[in-house]
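Just so it is clear, none of the values below were taken in a lab; they were calculated from the coordinates. Given the structure is predicted, the values throughout are model-derived calculations rather than measurements. Note that each Cβ is placed from the backbone with ideal geometry, even for glycine, and that neighbours are counted across all protein chains shown.
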């Protein structure tokens, strides 16, 4: 599940960055899929920025969910109980 989230997040981040570059510079015309959606006409830059942010957040959450929980490690936890 984590790999799938990283893949989807990476794709969203990539599309967002490509859309930003396309709107500002004009490059990557064929790779920017945002421009193909007619209902976003005039809002391509804002949509690309939002897509890049959402993609970054998905990747960050996927990375964080794969880590072990933080907290103090208690060696010999059986001895820590009062008797």
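Counting every pair of alpha carbons in region 2-65, the share spaced more than 19 Å apart comes to 31 percent. Using alpha-carbon positions, what is the distance between the centroids of region 8-27 and region 40-64, in Å? Region 8-27 and region 40-64 have Cα centres separated by 9 Å.
Annotation for residue 56 and residue 21: the two label points, set 7 Å from Cα along the Cα-Cβ direction, are 1.7 nm apart. Stretching the chain fully between residue 4 and residue 67 yields a gain of 21.1 nm (0.36 nm per residue, less the alpha carbon separation). Estimated at 0.36 nm per residue, the fully extended path between residue 28 and residue 41 surpasses their Cα-Cα distance by 2.9 nm. Here the residues 25, 18, ranked from fewest to most Cβ neighbours within 10 Å of their Cβ, fall in the order 25, 18. Look at 33, 1 and count the other Cβ atoms within 10 Å of each Cβ; fewest to most, that gives 1, 33.
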